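K.L.:
Encoded as structure tokens, here's the structure I'll be asking about.
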Amino acid sequence: MELQNTVKEALNALYHHPDDAVRMQADRWLQDFQRTIDAWQVADNLLHDASSNQETLIFCSQTLRSKVQRDFEELPSEAFRPLRDSLNTLLKTFHKGPQKVRTQISLAVAALAVHVPADDWGDGGIINWLRDEMNSHPEFIPSFLELLRVLPEEVFNYKIAARPDRRHQFEKELASAIETALNILTACLNINELKEQVLEAFASWLRLRHRVPASALSSHPLVLAALSSLSSEILSEASVNVISELIHYTAARNSGGVSSQLPLIQVIVPQVMNLKPQLRDPSKDEEDIKAIARLFADLGDAYVELIATGSDESMLIVHALLEVASHPEFDIASMTFNFWHNLQMILTERESYTSSGNETSIEAEKTRRLQVFSSSYESLVSLVTFRVQYPQDFSDLSTEDQKDFKQTRYAVADVLIDGALVLGGEPTLKILYMKLVEAINHCGKDQHSDWRPAEAALYCIRAISDYVSDTEAEVMPQIMSLLPKLPHQPQLLQTVCLTIGAYSRWLNAASSGLSFLPSLIDILVSGMSMCEDSAAAAALAFRHICNDCKKKLCGSLDGLFQIYQTAVIREGPFKVSAEDSLHLVEALSMVITELPSEQAKKALEAVCLPSVAPLQEMINQGPLVLGQKTARELTVHFDRLANIFRYVNHPEAVADAIQRLWPIFKAIFDVRAWDMRTMESLCRACKNAVRTSKRLMGVTIGAMLEEIQGLYGQHYQPCFLYLSSEVIKIFGSDPSCANYLKVLIESLFSHTACLLTKIQDFTSRPDIADDCFLLASRCIRYCPQLLFPSPVFPSLVDCAMVGITVQHREASNSILNFLSDIFDLANSTQGESCLSIRDSVIIPRGPTITRILVACLTGALPSSRLETVTYALLALTRAYGLKALEWAKECVSLIPSTAVTELERTRFLQALSDAASGANMNNLVVPIEELSEVCRRNRTVQEIVQGALRPLDLNIVAVS
């Protein structure tokens, strides 16, 4: 009683106390209370208490539902019957509401049915019990109908802590009772005010996709009731849900094919097709139109393969879907987009035609079908273009609405691509070009004329750029000659710039391309001067043009340098941000790549200068001033240098440059090694230089490695590890570098192993763990002969064992992948010689590694990590065969039988045994996933399993 009063007081505080701190405290207390065993009785008592207010009823019904779902195993077996009877009484008590409470009680009964087999439930299982209750107490039918609706939905509710076997069994129980369930619903159809509830429950049972013969369904009273509602004045959502489910039901994989479903299809399709005139009926409200559109979209999605044959009947559905696509409301029109995409894939992919016979027949059938659908896709392309037009009040829209508009544009771009794939890029381009010409005729030269239709047409033209031939000679030259004539309105100019960038390959390949370049580059320069958005678009387009037209632009290097310097030094009219200026850096670097070696060296020096000069100036001011600079003052220059070294593909020139610049880099390493952001940016520049120059870097690489090796032990910057990873990739297999690299990796790994000694260290420095084990995996791949014999290898494995359970996704994955790479060593040609050393380290630790991996499977890591953990465990089993099976047996025997049954244990071990025998890993995943699910089914079980396996305890004695 005292606890019941405390619950009421806490709820009162939660909902009504003015102090936030008190409300939070009440919320915490209530959450903790829900986990206690007392919550069962208290929630039940308060629900039966007539004086409980609505807040109490809602909280207690949610508590009881959650307890039945998650904590049913807390109760002794004899508690089932009283609990069922109590819930039944509550169902009757709340048959008139509150609705929220009634739903929670229904969910609790459904969860109880998932836990308790039909034989133990008695009365022939829950459906028969429900039928008898409804017959005995017709006044409570609304509550029982709600329970009947939620039952099939709970088959797939993984919040219910049932074992996989029991979940499958429950599904079978419902499947065998489907006829009884539909008979109950049919009987309730006679009660007019319950019709909607009955149809909702019917839709729910259809989602189970358990077969009721199509011939039986086609004349079933429930189906006829749903169809008759379609033609009534008031279109009920429930009847639409039923028809939608029936459509998908006929197209389900296990439906037995179209021919077996024909009786039902022939009933549904004509009735839906009769709704087509209502799409344009002004008296219909938007919700009704949306419901009708949804049915047409469902027809399209379900029968797309039939429609793709292009029969006269299927074209009627296509015309209806075009009608939907033309609806002014985007939410309605876009319901068809999935259909147009799937139809495009069937029409264009060769696999769709393999049944046609030989190559000639395949091509003939493909041509025929594309011809049949060409006019539909032409209409579609014309219909969707207006949707990308900026609204008049765009600048006044909320951020969320502006974001929605951009999403609309992306969705329309996808539809245009589908159109281009069916019609071909050039025919689609012609349709869009006509829209552009029409728009330009209405758009004057001044900024105040309506620029929006021209911008929309250009956006669409840009969207299909990948599907227009580089040699197209009819429309593209006309588009390119129109671009300089358009007004410089910010959004229009931004799209013009992006369009220029999108057609950079055409500009390079077309015979007239070179003649357009000067005027187009002038437009890009205007874009850089207009506003930040147009400047970003112009910089990106500039990069595309320089990438694709680099040979053509070699002679214009001085002009390009001028644009680059104005943007980078930021003293002119340009509004290019530091981030977007990187596109210009890349652009110029790509052109420099095309120059002869000597010219490239000079050009590289010139392109580096705007970044090198300010860095040198900061160094000249002395270590004190350099140390006080903000990271941004330095990183802006290193980011540019990183991009130059990445995109200037002249290894020798880059090696020379890095050698010249090394004193500057070293000075900053020495003074700023404490600053993570600067070090990351500087290491990225070094990494790109190493990647481009490779073995031409000569002595500079030695100096660089010496520097980071010395600084790592003081500052533990993760970027020093990823720079070393790049070096290992390039120099790992070079015998002349072996001694040098051996010292490097031993130093880095021994420092890291000393830093990461307990799980808390991994949690506080996951970046270090991530980069350390990525580097270790690189060593296994490129220089196993340096890593395995090294005295640091055992301590690295020990370090990995400590950190496997770190919750940080990347760090945990890197550790697991490192272990998998060790176990898979036999697959690597270089690694075979190291197998005996590996085994001497792994075998003594095998039982512990296995136990930690099983603990990760069963709850120590989130279930999203399951695939990586499973791979590591199977790789370990393949590598160590019977030994690994013994380790696995030993650790699963630690899990109490209250958590895992003998059968579940056996299935899991059998999967590992199959892996040891070389079975395909894909076939072994299900028993492993089932063990994981069983051990995570609720908090209590998970705590029991983790308490038994103790993944953080590296020395555990097996329980005898």
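The values are calculated or read from the model by the stated rules, or taken from the named source; none is laboratory data. Just so we're clear, the structure is a prediction, and the values are computed from it rather than from any experiment. Positions of Cβ are generated from backbone atoms using ideal geometry, with glycine treated the same way; all protein chains shown enter the neighbour counts. Quick note on the areas: whole protein, heavy atoms, side chains included, nothing else; ligands and nucleic acids left out. Shrake-Rupley method; radii C 1.70, N 1.55, O 1.52, S 1.80 Å.
K.L.:
Scan the stretch 659-679 residue by residue and report those that are closer than 16 Å to D771 by Cα and crowded, with 22+ Cβ neighbours inside 10 Å. So that I can check it myself, show each step before the final result.
P.N.:
First, pick out the residues of the stretch 659-679 that are closer than 16 Å to D771 by Cα: 676-677, 679.
Matches in the stretch 659-679: M679 only.
K.L.:
For F72, all conditions in the list (1) modelled with pLDDT of 95 or more; (2) surrounded by 20 or more Cβ atoms within 10 Å (Cβ to Cβ) hold save one; what is the number of the exception?
P.N.:
(1)
K.L.:
Please identify the pairs in which a residue from the stretch 946-960 that is open to solvent by 50 Å² or more (accessible area, probe 1.4 Å) has its Cβ atom under 9 Å from the Cβ atom of a residue that is modelled with pLDDT under 85 and part of a loop (DSSP other than H, G, I, E, B), counting only partners at least 6 apart or on another chain.
P.N.:
Final answer for the pair search is R950/I956.
K.L.:
Continuing with this model, one more query. Can you find, within the stretch 302-318, the residue that is surrounded by the most Cβ atoms within 10 Å (Cβ to Cβ) among those that are in contact (Cβ under 8 Å) with a residue 24 or more places away in the chain and farther than 19 Å from L246 by Cα?
P.N.:
V318
Yes/no per residue for (1) modelled with pLDDT under 95; (2) closer than 27 Å to V802 by Cβ; (3) not β-branched (V, I, T):
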{"position": "A855", "(1), (2), (3)": "no, yes, yes"}
{"position": "T868", "(1), (2), (3)": "no, yes, no"}
{"position": "K883", "(1), (2), (3)": "no, yes, yes"}
{"position": "S897", "(1), (2), (3)": "yes, no, yes"}
{"position": "G918", "(1), (2), (3)": "yes, no, yes"}
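K.L.:
Only one of E455, E400, E378 is open to solvent by less than 10 Å² (accessible area, probe 1.4 Å), in a helix (DSSP H, G or I) and charged (D, E, K, R); which?
P.N.:
E455
K.L.:
Among the candidates C856, C834, single out the residue that is hydrophobic (A, V, I, L, M, F, W, C), within 21 Å of V925 (Cα to Cα) and open to solvent by less than 10 Å² (accessible area, probe 1.4 Å).
P.N.:
Just one listed residue meets the conditions, C856.
K.L.:
Which one of these does K601 not meet: (1) in contact with a helix residue (DSSP H, G or I) (Cβ under 6 Å, 6 or more places away or on another chain); (2) open to solvent by less than 20 Å² (accessible area, probe 1.4 Å)?
P.N.:
Result: K601 fails condition (2) only.
K.L.:
Related question: Search the stretch 147-171 for residues being more than 13 Å from A113 (Cβ to Cβ) and assigned to a helix (DSSP H, G or I), and hand back the single one that is farthest from the chain's Cα centre (by Cα).
P.N.:
R149
K.L.:
Could I ask something else about it? When only residues in the stretch 891-928 that are among the acidic types (D, E) and crowded, with 17+ Cβ neighbours inside 10 Å count, which is nearest to I944 (Cα to Cα)?
P.N.:
The qualifying residue nearest to I944 (Cα to Cα) is E904.
K.L.:
Determine whether Q709 is open to solvent by 20 Å² or more (accessible area, probe 1.4 Å), touching a helix residue (DSSP H, G or I) at 6+ places or on another chain (Cβ under 9 Å) and assigned to a helix (DSSP H, G or I). Full working, then the answer.
P.N.:
Working: open to solvent by 20 Å² or more (accessible area, probe 1.4 Å): yes; touching a helix residue (DSSP H, G or I) at 6+ places or on another chain (Cβ under 9 Å): yes; assigned to a helix (DSSP H, G or I): yes.
Yes.
K.L.:
Determine whether the stretch 869-877 contains at least one residue that is surrounded by fewer than 19 Cβ atoms within 10 Å (Cβ to Cβ), without any contact (Cβ under 8 Å) to a residue 60 or more places away in the chain and assigned by the TED database to the domain that holds V934. Spell out the reasoning first.
P.N.:
Applying the first criterion (surrounded by fewer than 19 Cβ atoms within 10 Å (Cβ to Cβ)) to the stretch 869-877 yields 871.
Among the residues that remain, those that are also without any contact (Cβ under 8 Å) to a residue 60 or more places away in the chain are: 871.
Subset that is assigned by the TED database to the domain that holds V934: 871.
Among the residues of the stretch 869-877, at least one is surrounded by fewer than 19 Cβ atoms within 10 Å (Cβ to Cβ), without any contact (Cβ under 8 Å) to a residue 60 or more places away in the chain and assigned by the TED database to the domain that holds V934, which makes the answer yes.
K.L.:
Among residues belonging to the stretch 9-21 that are open to solvent by 50 Å² or more (accessible area, probe 1.4 Å) and touching a helix residue (DSSP H, G or I) at 6+ places or on another chain (Cβ under 6 Å), point out the one that is farthest from A39 (Cα to Cα).
P.N.:
Within the stretch 9-21, the match that is farthest from A39 (Cα to Cα) is H17.
K.L.:
When you go through (1) open to solvent by 10 Å² or more (accessible area, probe 1.4 Å); (2) modelled with pLDDT of 95 or more one by one for G702, which number turns out not to apply?
P.N.:
Of (1) open to solvent by 10 Å² or more (accessible area, probe 1.4 Å); (2) modelled with pLDDT of 95 or more, only one is false for G702: (2).
K.L.:
Tally the residues that are open to solvent by 20 Å² or more (accessible area, probe 1.4 Å) and over 11 Å from K195 (Cβ atoms), restricting the search to the stretch 219-231. Steps first, please.
P.N.:
Here is the first cut: in the stretch 219-231, the residues open to solvent by 20 Å² or more (accessible area, probe 1.4 Å) are 219-221, 224, 228, 231.
Applying the additional criterion that residues be over 11 Å from K195 (Cβ atoms) yields 219-221, 224, 231.
Going through the stretch 219-231 one residue at a time, the tally reaches 5.
K.L.:
With the checklist (1) in a helix (DSSP H, G or I); (2) open to solvent by 40 Å² or more (accessible area, probe 1.4 Å); (3) among the polar types (S, T, N, Q) in hand, flag the one item S812 doesn't pass.
P.N.:
(2) is the only condition that S812 fails.
K.L.:
A follow-up question, please. Give the residue, chosen from D281, D285, that is open to solvent by 60 Å² or more (accessible area, probe 1.4 Å) and more than 25 Å from A252 (Cα to Cα).
P.N.:
D285
K.L.:
Only one of L383, L321, L343, L347 is of a type in the set (A, V, I, L, M) and open to solvent by 20 Å² or more (accessible area, probe 1.4 Å). Can you tell me which?
P.N.:
Only one candidate qualifies: L383.
K.L.:
One residue is enough: does the stretch 599-621 have a residue meeting the conditions more than 38 Å from the chain's Cα centre (by Cα) and not assigned by the TED database to the domain that holds F669?
P.N.:
The answer is no, given that none of the residues of the stretch 599-621 is more than 38 Å from the chain's Cα centre (by Cα) and not assigned by the TED database to the domain that holds F669.
K.L.:
Does the stretch 530-545 contain at least one residue that is under 23 Å from V475 (Cα atoms), open to solvent by 30 Å² or more (accessible area, probe 1.4 Å), of a type in the set (K, R) and in a helix (DSSP H, G or I)?
P.N.:
There is no residue in the stretch 530-545 that is under 23 Å from V475 (Cα atoms), open to solvent by 30 Å² or more (accessible area, probe 1.4 Å), of a type in the set (K, R) and in a helix (DSSP H, G or I).
K.L.:
If I filter the stretch 519-526 for residues that are open to solvent by 50 Å² or more (accessible area, probe 1.4 Å), in a helix (DSSP H, G or I) and without any contact (Cβ under 8 Å) to a residue 12 or more places away in the chain, do I get at least one hit?
P.N.:
no
K.L.:
With the condition kept exactly as written, say whether any residue in the stretch 35-43 is surrounded by fewer than 18 Cβ atoms within 10 Å (Cβ to Cβ) and within 30 Å of M134 (Cβ to Cβ).
P.N.:
Yes, there is a match, as at least one residue in the stretch 35-43 is surrounded by fewer than 18 Cβ atoms within 10 Å (Cβ to Cβ) and within 30 Å of M134 (Cβ to Cβ).
K.L.:
Mind counting the residues in the stretch 50-69 that are in contact with a Leu (Cβ under 8 Å, 6 or more places away or on another chain), open to solvent by 20 Å² or more (accessible area, probe 1.4 Å) and not in a helix (DSSP H, G or I)?
P.N.:
Final tally of qualifying residues: 0.
K.L.:
In addition: Pick from T635, T566, T630, T593: which is surrounded by fewer than 22 Cβ atoms within 10 Å (Cβ to Cβ), touching a Ser or Thr at 6+ places or on another chain (Cβ under 8 Å) and among the hydroxyl-bearing types (S, T, Y)?
P.N.:
T635
K.L.:
I would also like to ask the following. Taking the stretch 817-831, which residues are open to solvent by 30 Å² or more (accessible area, probe 1.4 Å), part of a helix (DSSP H, G or I) and among the polar types (S, T, N, Q)?
P.N.:
Selection gives N817, N827.
K.L.:
Go through (1) more than 19 Å from C549 (Cα to Cα); (2) free of Cβ contacts under 8 Å to residues at least 24 places away in the same chain one by one and return the number of the condition Q599 breaks.
P.N.:
Of (1) more than 19 Å from C549 (Cα to Cα); (2) free of Cβ contacts under 8 Å to residues at least 24 places away in the same chain, only one is false for Q599: (1).
K.L.:
Something else now. With respect to the numbered conditions (1) open to solvent by less than 40 Å² (accessible area, probe 1.4 Å); (2) under 31 Å from the mean Cα position of the chain (by Cα); (3) not acidic (D, E), which one is the sole condition not fulfilled by Q261?
P.N.:
Exception for Q261: condition (2).
K.L.:
In the stretch 404-427, what residues are under 21 Å from the mean Cα position of the chain (by Cα) and charged (D, E, K, R)?
P.N.:
Answer for the stretch 404-427, where residues must be under 21 Å from the mean Cα position of the chain (by Cα) and charged (D, E, K, R): D404, K406, R409, D414.
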